[in-house]
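This report refers to the structure that appears directly beneath it.
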Amino acid sequence: MNDLMRRLLWLPVQASTLATRIDYLHYFVITVTMISSIATGLLAFILLFKYRERRRAQSTPLVMPSVKFEIVVIGVPLFFFFLWFVQGYKDYIWYTTPPKDAMDVYVMGKKWMWKFAYGGQGPNAIGTLHVPQGRPVRLLMTSRDVIHSFYVPDFRIKQDVLPGRYTETWFEATQPGRYQILCAEYCGTWHSQMWGEVVVMPAAEFDQWLLEQRRGLSERVDTSTDDGASFHGSIVEYGKKIAMAEGCVKCHSLDGQPHIGPTWLDLYLRRETLENGETVLADEGYLTDSMIDPRGKIVKGYKPVMPTYKGRLAAPEAAALVEFIKSLRSPSLENVPSKEAIYEPVKRP
Amino acid sequence: MSSSDAHANNPHLAHHFDSIEKQDYAARLAMWLFLATEVLLFAGLFLGYTVYRHFYHETFHEASRTLSITLGTINTIVLITSSLTVALAFHAVKVGKNNQAVALLVFTVLCAIAFLVIKGFEYRHKFEEGMLPGQFYSYKEITGPGANLYFTIYFLSTGLHAFHVIVGMSVLIWLTLRIKRGAYSPNHYVAVELGALYWHLVDLVWIFLFPLLYLI
Amino acid sequence: MSQSSDPEAVPVYPAVNYLNADRGVWSWFSTLDHKRIGLMYLITALFFFLVGGIFAMAIRLELLTPGPTIMGANTYNRMFTLHGVVMIFLFMIPAIPGVFGNFLLPLMLGAKDVAFPRLNLLSLYLYWTGALLAVGAMVMGGTDTGWTFYAPYSTSTPTTVFPALLGVFILGFSSILTGLNFIVTIHTLRAPGLGWMRLQLFIWAIYATSIIQVLATPVIGLTVLLVGIERVGGFGLFDPTKGGDPVLFQHMFWFYSHPAVYIMVLPSMGVISDAIAAVARKNVFGYKMIAYSSLGIAFVGFFAWGHHMFVSGQSPFDNGAFAAISMLVGVFTAIKVFNWVGTLYRGAVRVSAPLVYICGFLFFIVFGGMTGIAVATVSLDVHWHDTYFVVAHFHFIMVGAVIMGFLTALHYWFPKMFGRMYHEGWAMVAASFIVLGFMATFIPQFLAGNAGMPRRYYMYPERFEALNVASTAGSSLLAFGFVIIAIYLIYALRHGAIAGDNPWDSGGIEWMTSSPPPKENFHTTPIIVRDPHSYQGHGEEVEHVVI
């Protein structure tokens, strides 16, 4: 029955202890809603047909409700709403009370990625949260920039993540598997790509995993999505790894040498002059845009040969690249403008 | 008296109102509703003050010490006096003493100007000391969290209030000129009443701002 | 003998009426006639409904595929922002009060005009000014904050936000002045014999709406002003790096924006009350309950704003309080629904376009209202907040209730405003497209929200594709319905059958004058001797029925 209703209503799997509690009330509320609205529509339809006009300017009796009628009509909805409020609030209080033995994980949201850090000497991760099955996990969350919202539909949990403040939520996963994290508070260009994944492992497996992570053993080969799941290290190193893997360094030097594309050394916040004479500030937005739409704003003196990385780079990877570019600062503090391009024959893949 | 007689007798009666009493009542009701909207406009700033005072209790207390209670009190007395004179001016029009009304209104406007001048001195002092809102804050004596917020709220609320002082003053100047030209009489004075009401609101907002910003 | 009491009389179109009493373009731009002002509101509102609708179609086309379809991410973010801003501030809030409130209020009160005709014209000019600024924001690159302007995104995004904020601020003034004007008009310009309990229910609805407009709008004015100052001046109350609290913005924003939804829906409910009585030729069942529940919604609606903030970091205690209060508002709506359905009982119902829209309204307001109660249930909202479930819920109310009400009003009062009838056959065809298209658009969105699809998503996980395709297909039906309406209504302006004073045989006071009305509304001031919306025959024994 639970499963039938869940599928009928397009609800996702119930993968946390909260989900089943929530869903029962959900079924109750939605069922009453559907019955009431259909009944109202049907009743109106029947009445309009039965009492349709027989001749023009027909007169009608004066029909008034009795006090008893009004009391019933007010009382019945009030009763249902009160029931739902009480049950809903009870479940809500349960939801906002993390168990005392919950494992703490720190979550940091920023445009447009999720970063996780386990307490103590825990590993850090970008985009993937490993948790044990059957044990409560408390998330302590904050944002680096604007308001985001941490949402796992399969767990039925959601909590806004605020700058300048910590918010918390908790869950206890009931089945092993992979469950999507979605950002649910509009935060800019790639709000709709600010995804992550909760990987629920059987408890013993999780303990083993945590041990291995803390010992710094080589990354497990994970068949996860390409969102840097198994990379442990700083985001800058991750960005460097991607730059090598995706071939960026074939055209962009890291040491100030002009090449097929502008050098990345001191690129961040440099004022570049574009083909059309305008200047642009090479900030995160421009750098990210250049990866997705390289022909949009070409720096003067360079040819439009950069391929687009749209669809080839996930948002966390793009962000890691930006962080890597930001880290490339020469000792002198002057802003060095891009020099003229130098062309050499390059083997295209 | 039929409607058309009423319209013939009173040139101030609009064509869609039956009687001058109804019309004047409508004008007063409209002004009270408008005053309600002004109260709600300032309410948001008072809310901001309350919330941040709660968060940054010490810093707000320290910051309010930097305001001059003397100047604030003088300003309060000035505004309350101006409310008195504007009420007396309204009464004067009602009993037909137009010259007295003009004199009282001129005095009211002078009070308003005095208020703004004193406020100007206070603002200048703050600019000199770096007690400025948000990113411009640079007052070294108070470094606790929320210090810049105190001055943000200070400038926003006193600034919005000063704007309303200027608007109210302009209305009173316009009314003064109209009274001099004999536009109002014991039979027709509702515009003066509305202007006075607006001025009372301007005064009332200050009476709330003063203790919250200066005294506590 | 007035036209309205003789259904057999040949309909007459008065040669001189408010449309042609004064000639020349300037006579329109400087008019003090509430009917002309209402008409200008209508043209403007319909224009912006078209603009908002085009943004909606762009959104739905983009969402046909999980990845990029016809535009980039930044453009999409501007599309949904402008769809919201235009629809809410340039159509939904001004439309029914500005068009039908302006046109009908004095007529229904037996008055010659609103209390302050010049203020009324000023409201119109402020509406145009605010609209121009909003268009300016679009032209200058477009805002991408969402119509909710949440800080700190709105205070830090590099897109064009300030003109939009200024536009909203000025539109707020327009709204306040209209509300003020209507309250004073209802208090002071009622015809002799027209006590409060004899007022048509549309007036009660407009009265409640006006109270909200006057009291709530200043708060959004201040809030957008603060965001604007923070953007331009670099100081403000919402920046966390300076100790500010972004959640404070949400409180201030929603303190207006929740009552704002009642500004949108109450006039629509008033239309339904009036139209259903006319279309069923029957007294409204439970007149007092409907009148008082309008005031109840206005009052209680002020205290429910926190239900938009259940997962914002608000305390559990606040969440519980706001949830309980929100449920109360639902009870007032339930009262109205029972009373409207009861009006059909033992009526003499004329099948017509207004009736189809009324039936659609009844179904949609129960569904939409109860899904509102559902999201007010805190534990359930944790899953639904900021997903398509909420989008579907509010579109059920905004489109399913408010627009159905607007279309009811447009059809019901079209003959009064223009003296001609539209073609009923085409109207029923269009109404079917609208009702079915609406359901096909938004029911899949409820399911998408259940499945976990968040709002404002340019790209989405593939498992949501089927629902999005279904929704887009439905939206084309809906759009098509509107196109049909536009065609036959424009045609009817010139070629429709002459309507006569009272084609609906309605008991409303506005029908006691010619269609279109003369400039001065009534040739002689009407004297009111009966209860509103009552249709008992003359001389016959009045049959009283109590349920």
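The values are calculated or read from the model by the stated rules, or taken from the named source; none is laboratory data. Since the model is a prediction, treat every value here as computed from it, not as a measurement. Cβ sites come from the backbone with ideal geometry, for glycine too, and all protein chains shown count toward neighbours. Side chains included, ligands, DNA and RNA excluded: accessible areas come from the protein's heavy atoms. Shrake-Rupley method; radii C 1.70, N 1.55, O 1.52, S 1.80 Å.
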Item to complete: Using the structure shown, list the pairs from C:LYS288/C:LYS336; A:LYS303/A:LYS326; A:LYS241/A:LYS297; C:LYS336/C:LYS416; A:LYS115/C:LYS242 with a Cα-Cα distance above 18 Å, or answer none.
Response: A:LYS303/A:LYS326; A:LYS241/A:LYS297; C:LYS336/C:LYS416; A:LYS115/C:LYS242
Worksheet item: Which whole DSSP H helices in chain B pass both tests: a Cα extent of 24 Å or more along the axis and a mean Kyte-Doolittle value no lower than -0.5?
Response: B:20-55, B:69-94, B:98-129, B:147-180, B:190-210
Worksheet entry | the range B:137-216 - Rg (one decimal) and Dmax (whole number), Cα, Å | 18.6, 60
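What quantity of accessible surface, computed with a 1.4 Å probe and excluding non-protein components, is buried in total between chains C and B, in Å² to the nearest 100?
So the buried area, both faces added, is about 2800 Å².
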Response to the item:
Taking only the alpha-carbon atoms of the range B:1-120, the convex hull volume per residue, in cubic angstrom, is 141
Worksheet item: Nearest 10 degrees, 0 to 90: what angle lies between the long axis of helix A:203-215 and the longest principal axis of chain A (Cα atoms)?
Response: 20
Worksheet item: Which whole-angstrom value gives the distance between the alpha carbon centres of the range C:343-407 and the range C:42-97?
Response: 21
Worksheet item: Which shape class, rounded, prolate or oblate, goes with the range A:1-135 when its Cα gyration tensor gives a ≥ b ≥ c as root eigenvalues, a/c under 1.5 marks rounded, and past that a/b bigger than b/c marks prolate?
Response: prolate
Discussion item. Let me spell out the model: positive unit charges on the Cβ of Lys and Arg, negative unit charges on the Cβ of Asp and Glu, origin at the Cα centre of the protein assembly as shown. What dipole size does that give, in debye rounded to 20?
Written reply: 1280
Worksheet item: Roughly how much accessible area, to the nearest 100 Å², goes out of reach of solvent when C and A pair up, both sides summed, probe 1.4 Å?
Response: 7900
Worksheet entry | Check: the range A:1-139 dipole with +1 on Lys, Arg Cβ and -1 on Asp, Glu Cβ, in debye | 500
Worksheet, complete the sentence: Once phi for every residue in the range A:83-97 is put through the Karplus expression 6.51 cos²θ - 1.76 cosθ + 1.60 (θ = phi - 60°), the whole-Hz ³J(HN,Hα) values, with Gly and Pro written as x, are 4, 5, 4, 5, 5, x, 5, 4, 4, 5, 4, 4, 5, 8, 10
Worksheet entry | log₁₀ of I(q)/I(0) at q = 0.26, 0.28 Å⁻¹ - the range B:36-106, Debye sum with one point per alpha carbon | -1.04, -1.05
Worksheet, complete the sentence: Sorted largest first, the C-alpha extents of the protein assembly as shown along its principal axes in whole angstrom are 99, 76, 60
Worksheet item: Taking each residue of A:35-42 in turn, how many C-beta atoms of other protein chains fall within 10 Å of its C-beta, and what is the average?
Response: 6
Discussion item. At 0.692 mPa s and 37 °C, plugging the Kirkwood radius over alpha-carbon pairs of the range C:260-388 into Stokes-Einstein gives what diffusion coefficient in µm²/s?
Written reply: 209
Item to complete: Would you tell me the mean number of C-beta atoms belonging to other protein chains that fall within 10 Å of each C-beta in C:498-505, as a whole number?
Response: 1
Worksheet entry | Anisotropy class of the range A:66-119 from Cα gyration tensor, a/c 1.5 cut | oblate
Response to the item:
In chain C, helical segments from DSSP H whose Cα atoms cover 27 Å or more along their own axis and that average at least -0.5 on the Kyte-Doolittle scale are C:34-62, C:117-139, C:162-188, C:201-233, C:246-279, C:316-344, C:353-376, C:424-451, C:465-495
Practice prompt. Compute the accessible area of each residue in the range C:340-357 twice, once for its chain alone and once with every protein chain present, using a 1.4 Å probe on heavy atoms, and list those whose area falls by at least 50 Å².
Written response: C:VAL341, C:LEU344, C:ARG346, C:ALA348, C:VAL349
Discussion item. What number comes out for accessible area per residue over chain B if the probe is 1.4 Å? Units Å², please.
Written reply: 47
Practice prompt. Give the accessible surface of chain A per residue, rounded to a whole number of Å², with probe radius 1.4 Å and ligands, DNA and RNA excluded.
Written response: 49
Discussion item. Which positions within the range A:141-156 get 30 Å² or more of their accessible surface covered by the other protein chains, compared to the chain by itself, with a 1.4 angstrom probe?
Written reply: A:VAL146, A:ILE147, A:TYR151, A:ARG156
Discussion item. Given 20 °C and 1.002 mPa s, compute D for the range B:94-185 with the Stokes-Einstein relation, Rh being the Kirkwood radius over Cα pairs; round to the nearest whole µm²/s.
Written reply: 137
Worksheet entry | Peptide ranges A:242-254, B:25-37 listed from the most packed, as the mean C-beta count within 10 angstrom indicates | B:25-37, A:242-254
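Calculate the mean, over all residues of peptide C:149-157, of how many other protein chain Cβ atoms lie within 10 angstrom of the residue's Cβ. Write down the numbers at each step before the final one.
On the way: counts 0, 6, 3, 7, 10, 1, 1, 3, 5.
For peptide C:149-157, the averaged partner shielding equals 4.
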Worksheet, complete the sentence: Tilt, helix A:315-327 to longest principal axis of chain A (alpha-carbon atoms), in degrees rounded to tens, equals 40
Practice prompt. Have a look at the range A:75-116 and report residues whose accessible surface goes down by 30 Å² or more when the remaining protein chains are included, against the chain on its own, probe 1.4 Å, ligands and DNA/RNA excluded.
Written response: A:PRO77, A:LEU78, A:PHE81, A:TRP84, A:PHE85, A:TYR89, A:TYR92
Discussion item. Give me the 1.4 Å probe accessible area per residue for the range C:35-512, excluding ligands and nucleic acids, in Å².
Written reply: 25
Discussion item. Let me see the P(r) profile for the range C:35-512: every Cα-Cα distance counted, bins of 10 Å, each bin given as a percent of all pairs.
Written reply: 4, 20, 32, 29, 12, 3, 0
Worksheet item: Where does helix A:235-246 land angle-wise versus the long Cα axis of chain A, in degrees 0 to 90, nearest 10?
Response: 70
Worksheet item: So, with a 1.4 angstrom probe, what is the percent of accessible area on the protein assembly as shown that is carbon and sulfur?
Response: 66
Worksheet entry | Whole-number percent relative contact order across chain A, with pairs defined as alpha carbons under 8 Å at least 6 apart | 14
Worksheet item: Of C:HIS187, C:ASN468, C:VAL341, which is farthest along the charge dipole of the range C:35-512 in the positive direction, counting Lys and Arg as +1 and Asp and Glu as -1 at C-beta?
Response: C:HIS187
Worksheet entry | Relative packing of peptides C:12-25, A:60-73 - highest average C-beta neighbours within 10 Å first | A:60-73, C:12-25
Response to the item:
The answer for the longest stretch of chain C without any exposed GluC sites (Glu not before Pro) (DSSP loop, at most 15 further Cβ atoms within 10 Å) is C:9-519
